[in-house]
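Taking it in order: structure first as structure tokens, then the write-up.
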Amino acid sequence: MKTITNLWYGCIDPYRSIRLKPLLKRVFCSGEKASVNFLMIAVILLAGCEKQSFETSDVITGEDAMTYTATLPGYTLVWEDNFCGKTLDSTRWKYRTDCKFQSCQRPDNVVVNDDTLKILLEEENYQGKPFTGGGIITKQPNSYGYYEISAKLDDGYGWHQSFWAIGKSGFDDPDPIYADSTGARIEIDCFEHYGDFPNTKFRYGAIDWSTLRGSSVYMGSIGEGTYEATSDLSQDFHTYGFEYSPDYINYFLDGELLKTIDIRDAPQHDVYLWITSIASETNATGDGAMYVDYIRAYEISPSQYHVRKVEFLQYLDSLRGPQQSNGTDLWMEAEDFADINNWKVEKDIDRTVVLKGFTGFDATRNSTDLKATTGVVVDEPGVYRLWVRSRDFDTQQGARKFKMIVNGEVSPVEFGTHGEVGYEWQSGGEFTLDAGVNVLEIYDSSQYFARCDRILLTTDTSFEPERIGGFANTSHVDP
Ligand SMILES: [Ca+2]
Ligand SMILES: [Ca+2]
């Protein structure tokens, strides 16, 4: 496994010094000056005249060379490719060469001219596929930073066009994929225009390829979203950007922040950047192209990031809802139970990790088969109100249910019956907890896809948890 080498606070790698070197001169392709001037104006407008974003006094020499800081406060440009000249910069890029869905990807389909990268999308039989597409991938890994491309999508149909990042430089990369210390990996999708999307639409988000109780699994998307633009994205160039940080990923279209997603407990490691277009539909159109005017990479120092992150962390924490009552709160995750027995740990919608019960009813199962059990350590004895966060659905509402048993006493309420679509809290009565180890059991009463996310026991009997609530703060021991 290739582990983290050059994220902040990690070990230094050979690329680090290269990538952190400030870019003193910025050289555009001849003929791009007009768009540069437009960009300068756009940046100033977008930044609301924030001094750190851009100052005209930064222009140092000539019309085509200037220092340049980022569109995002605190960030500095560290490299870029404006696709000048007639050839792809082979020190920076490699080609995507694979066959997937309806196309094979060929170097021949990647062309640089007119100061633009063009990925040609052709209808031609090649190695058993009816289409050919292409793509480019950075040869060097990229750390935290802001990455942006200016792209114009193909105006045909059937092509999956995207700007994304994973810990591998091509599917043919012989090196192990980057991963965190547990072997978990992240995929960051800045934009994915699916082949059957209208030309106004794309998807963005991240994917968590994590490790749960020992095995590597697809953990689902992190903050996935789709965006419907007001204009046809195949008619003009638009900028698509993502800010990858230790705490969040921000997604941008034309400088507008689309979404902030929380990656504080997601895998983090270096990534390679991919710009690709492949045919996903059998009736894709040929004679098209995806165009990229430039790609820019920016970095921020840890001290500047410390300032920048505050507003985003406040926003993300607000999504959690109240995290403390006026009493003593024991927050626990169902998946942390000491003995999960026949329940399974799964990642469900919105990255909610849960315990999931049996998926089919079997009358021969006895009560021992149906329980997950844990011992929780309680410092302060007293009367606690039980709250349980579970999932319900609009179809077969209330059918996926389970009971809770606290120190042998069965809760009067069955959970998973709250009637809302998704995860919600339900109150399950009051229980007396002793100092020391108390035993909690989750009882799979329906044997039908029951899902238990979290449990709260609180001495504040008027407190009502909302949304995610507080971080787990309870020790689990063998009951
Ligand atoms: Ca260009
Ligand atoms: Ca949970």
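Within the shell defined by Cβ-Cβ distances under 14 Å, the residues around Ser231 carry a net charge of -4, with Lys and Arg each +1 and Asp and Glu each -1. Per-residue Cβ neighbour counts within 10 Å put Ile275, Ile405 in the sequence Ile405, Ile275, beginning with the fewest. Computed about its Cα centre, the charge dipole of region 329-477 is approximately 460 debye, with only Lys, Arg, Asp and Glu carrying charge at their Cβ.
Going from the fewest other Cβ atoms within 10 Å to the most, the residues Tyr204, Tyr298 appear in the order Tyr298, Tyr204.
By the count of neighbouring beta-carbon atoms within 10 Å, fewest first, Phe361, Phe131, Phe237 end up ordered Phe361, Phe237, Phe131. Note on region 329-477: percent of Cα-Cα distances in each 5 Å bin, starting at 0 and stopping at the bin with the largest distance, equals 2, 10, 21, 25, 22, 13, 6, 1, 0. Counted residue by residue at 0.36 nm each, then reduced by the alpha carbon distance between them, the extension gain from Thr368 to Asp155 reaches 70.7 nm.
Other residues whose C-beta falls under 14 angstrom from the C-beta of Ala435 contribute a net charge of -3, scoring Lys and Arg +1 and Asp and Glu -1.
Exceedance of the 21 Å cut-off in Cα-Cα distance is limited, within the set Lys86/Lys168; Lys356/Lys403; Lys94/Lys259; Lys356/Lys401; Lys259/Lys356, to Lys86/Lys168; Lys94/Lys259; Lys259/Lys356.
Readers should treat all values here as calculations from the given coordinates under stated rules, not as data from a laboratory. None of the values given here were measured: they were computed from a predicted structure. A quick note on method: Cβ atoms are made from the backbone with ideal geometry, for glycine too, and the neighbour counts reach across all protein chains shown.
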